[in-house]
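Here is the structure we will look at, set down as structure tokens.
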Amino acid sequence: MESDEKIGWHTNIKKWGYELGFVAIGFTSAESVKGLAQVLEARRDLDLATPFEEKEIELRIDPQVGWQDCQTVVVLAYPLPDTAPPQEAEGILARSAVGEDYHCVLRQSINQLIDTMVSNGWTGTPRWQVDIGPLVERAFAIRAGIGWIGRNQQLIIPGYGSFVALALLLLDQEIPVDCPSLDQCGACQRCVEACPAHILGKEPFAAKHCVSYLTQSKEILTDEEYRRLGLRIFGCDTCQEVCPHNQQRMENELAASAPFPLRRGVDLLETLNLTKGEFQRRFQVTAAGWRGKAVLQRNAFLALQNIRDPRLRLWLADHKEDQSVPPIIVPYLRSF
Ligand code: B12
Ligand code: SF4
Ligand code: SF4
């Protein structure tokens with residue numbers, strides 16, 4: 001491919017991506033991410049990595065280990081939809097867990113982007129990943145210059161914020177790359193101070209203690225861990241909500257909460273009593289569905305306990321009597 005043609009693809013892939021709704025797009029090479037293997041090894045050796053991560057470190061840092069023809073990594077950020085904030089005493093869902101599952105939304109948009117590339121003469125065979133895939137997406141995102149990694153560990157896009165989902169498009173052609181962008185956290189410590197698990201500002205990141213992980217883990221949570229959940233039913237947005245770079249979006253959500261069809265709040269007792277049919281209708285279509293119904297019910301139970309909701313005593317009386325307490329909740333009955 002001639003150099004003019006390569007520049008043309010760089011420009012056009014960005015143009016088509018923005019037309020499809022992506023808010024930031026950047027290009028980087030398929031080189032391995034230097035220095036990241038040591039971080040991943042330290043997380044693994046200290047037992048801080050989550051079981052959701054690929055075990056093979058080389059596959060996570062080097063695109064050519066998974067696909068030897070890979071030459072370029074395009075990083076794309078898609079906005080998470082605006083949502084209405086939860087009301088008092090409601091369970092809280094993270095923004096990434098509300099609305100149509102972002103994995104499906106991004107998959108469709110990337111396939112549309114690839115179709116457009118092919119219809120304009122792209123002859124390669126692009127591959128892609130959205131979240132589920134070995135490559136560490138944020139490492140490529142900073143190298144592709146779409147943002148910086150905040151103290152909250154999030155990829156923050158200058159002028160937009162961090163409430164985005166990321167995707168990687170892998171190409172078997174060499175396309176010009178973008179420059180990394182500058183860190184804009186400065187002296188700010190808001191996320192470090194707000195984190196309920198007190199894990200920010202320390203290296204390596206203790207992913208297994210992160211409340212987002214705890215809401216998704218099926219292991220039995222300690223008393224200290226489950227208290228940290230507060231009212232959270234799936235995920236944790238606290239370190240992003242306090243970030244100055246997300247305040248504009250937060251204000252927009254607060255000011256216009258009524259028109260948003262998507263709500264982050266859920267009724268705790270309804271979630272605890274979730275039937276299979278309700279789970280399929282309300283949660284399975286979202287990114288909160290992948291861990292199943294029981295983990296959401298457990299989190300609703302713990303949230304009711306955390307706010308000492310009197311409805312929990314009645315629920316327990318009924319369900320203990322007919323022995324219908326879901327097995328995932330049984331270990332927590334010791335507190336009653
Ligand atoms: C496993 C996982 C988790 C785990 C562990 C998270 C973690 N911080 O490691 C848990 C379950 C806790 C989790 C939680 C969340 N996650 Co998550 N998660 C992932 C997943 C699948 C892998 C992450 C991973 O590899 N971690 C290992 C560490 C080392 O990598 P990292 O934190 O992603 O990135 C670091 C390195 O890249 C490092 N780095 C980059 N370059 C270099 C170079 C050198 C030399 C060094 C030393 C370091 C370095 O800087 C980054 C920050 O430390 C990715 C998708 C993917 N395939 O990448 C999504 C992903 C990171 N998660 C995402 C989201 C949205 C979340 C939550 C916000 C969801 C929620 N609301 O609850 C929280 C945020 C928690 C947090 N503060 O990070 C988004 C991030 C979007 C964004 N704007 O950054 C991703 C990219 C999914 C997606 N496709 O959109 N997640
Ligand atoms: S997601 Fe929650 S627990 Fe995890 S680092 Fe951010 S504030 Fe802390
Ligand atoms: S809250 Fe402050 S320190 Fe944390 S990520 Fe945002 S700007 Fe950086």
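The values are calculated or read from the model by the stated rules, or taken from the named source; none is laboratory data. This one's a predicted model, so the numbers in the text were calculated from it and none came from an experiment. With ideal geometry, Cβ positions are generated from the backbone for all residues, glycine too; neighbour counts draw on all protein chains shown.
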Exercise for the section: Look at L254 and say whether it is more than 21 Å from D82 (Cβ to Cβ) and hydrophobic (A, V, I, L, M, F, W, C). Expected result: no
Fill in the blank from the handout: Scanning region 62-101 residue by residue, the ones that are more than 16 Å from ligand 2 (Cβ to nearest atom) and under 30 Å from Q305 (Cβ atoms) total 9
Exercise for the section: Search region 288-300 for residues that are touching a residue at least 24 places away in the same chain (Cβ under 8 Å) and pair each with any residue that is hydroxyl-bearing (S, T, Y) when their beta-carbon atoms are under 7 Å apart and the residues are at least 6 apart or on different chains. Expected result: L296/T271; Q297/T271; N299/T215; A300/T271
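Show me the helices (runs of 4 or more DSSP H) entirely contained within region 276-322 in which 2 or more residues are within 19 Å of L214 (Cβ to Cβ).
293-306
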Practice task
Determine if region 31-38 includes at least one residue that is surrounded by 13 or more Cβ atoms within 10 Å (Cβ to Cβ) and under 16 Å from P176 (Cβ atoms).
Solution key: yes
Exercise for the section: Kindly indicate whether R95 is within 16 Å of ligand 3 (Cβ to nearest atom) and modelled with pLDDT of 95 or more. Expected result: yes
Practice task
Could you run through region 125-157 and say how many residues are within 16 Å of ligand 2 (Cβ to nearest atom) and among the charged types (D, E, K, R)?
Solution key: 3
Handout entry: Condition broken by V74, with the remaining ones in (1) more than 10 Å from ligand 1 (Cβ to nearest atom); (2) surrounded by fewer than 16 Cβ atoms within 10 Å (Cβ to Cβ) satisfied
Key = (2)
Problem - Selection status of H103, touching a residue at least 12 places away in the same chain (Cβ under 8 Å), closer than 30 Å to F301 by Cβ, in a helix (DSSP H, G or I) and in the same structural domain as G147 (by TED's automatic domain parsing) - result: yes
Exercise for the section: Check whether at least one residue in region 150-167 is surrounded by fewer than 16 Cβ atoms within 10 Å (Cβ to Cβ) and modelled with pLDDT of 95 or more, and report yes or no. Expected result: yes
Practice task
Identify all residues within region 138-168 that are without any contact (Cβ under 8 Å) to a residue 60 or more places away in the chain and either closer than 25 Å to Q108 by Cβ or part of a strand (DSSP E or B) (or both); write none if there are none.
Solution key: R138, W148, I149
Handout entry: Tally, over region 232-261, of residues that are away from ligand 3 (no atom under 16 Å from the Cβ), surrounded by 15 or more Cβ atoms within 10 Å (Cβ to Cβ) and either at pLDDT 95 or above or part of a helix (DSSP H, G or I) (or both)
Key = 5
Handout entry: Subset of region 106-137 that is of a type in the set (S, T, N, Q) and in contact (Cβ under 8 Å) with a residue 12 or more places away in the chain - its residue that is farthest from ligand 1 (Cβ to nearest atom)
Key = N120
